[in-house]
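Notes for the one structure printed next.
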Amino acid sequence: MTGSKLSPPARILVTKIGLDGHDRGSRIVAAYLRDAGMEVIYTPPWQSIPAVVKLALEEDVDVIGVSSLATDHLIVPKLMDALRAAGLGHIGMVVGGIVPEDERPLLIAAGVSAILGPGTSRDEIVAHVAALAAEVREMKTMELGEIAQ
């Protein structure tokens, strides 16, 4: 299973923000992405928004995956705002875990590309993250071309 044909490989930050300490699922997803050839930066639980923004900048990530098994996905819009304020609005965002149906529109409106809940297959996760990373890279390349002109 190959998920990333990018060179250099896609860089994915897998993290948990807020007070949600349930990290088994995020560790499994990180392993899926690594096995598919992506570079994964994994954080322990309880990350703050500023810490995630700083790490995303330092590591030059293409995609951030936030895992939520509590209600911490509700602070993802604040994370998206902080990324945009830091000039990192191009980074793709996916949320995994348990997100009630009535809370999904809030995340999509904030710019989350996909909500990958329980039961999402490894192949679906890898394919979506790889496609999103490729889209982000293409967008960055186009922006750099416009700047150069």
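The values are calculated or read from the model by the stated rules, or taken from the named source; none is laboratory data. Quick caveat, the model's predicted, so the values are computed rather than measured. Backbone-built Cβ (ideal geometry, glycine too); neighbour counts: all protein chains shown. Side chains included, ligands, DNA and RNA excluded: accessible areas come from the protein's heavy atoms. Shrake-Rupley method; radii C 1.70, N 1.55, O 1.52, S 1.80 Å.
How large a share of the accessible area of the chain, in percent, is made up of carbon and sulfur atoms when the probe is 1.4 Å and the other protein chains stay in place? Of all accessible area on the chain, carbon and sulfur atoms account for 58 percent.
Using the average count of surrounding beta-carbon atoms within 10 Å as a protection proxy, the listed peptides 96-103, 107-114 rank, highest first, as 107-114, 96-103.
Per-residue extension of 0.36 nm, minus the Cα-Cα distance of Leu88 and Leu55, leaves a gain of 10.7 nm for this segment.
Highest mean packing first, where packing is the average number of other Cβ atoms within 10 Å per residue, the peptides 78-86, 122-130 line up as 122-130, 78-86. Placing +1 on each Lys and Arg Cβ and -1 on each Asp and Glu Cβ, with no other charges, gives the chain a dipole about its Cα centre of roughly 240 debye.
Could you tell me which of Ala31, Val52, Ser7 has its Cα farthest along the dipole of the chain towards the positive end, charges placed at Cβ (Lys, Arg +1; Asp, Glu -1), taken about the Cα centre? Looking along the dipole axis, the top candidate is Ala31. Using only alpha carbons, the chain has a radius of gyration to Kirkwood radius ratio (Rg to Rh) of 0.95.
GNM on the chain, alpha-carbon springs under 10 angstrom: the most fluctuating residue among Arg24, Arg104, Arg34 is Arg24. Take each peptide in 10-17, 41-48, count the other Cβ atoms within 10 Å of every residue, and average; sorted highest first, the result is 10-17, 41-48.
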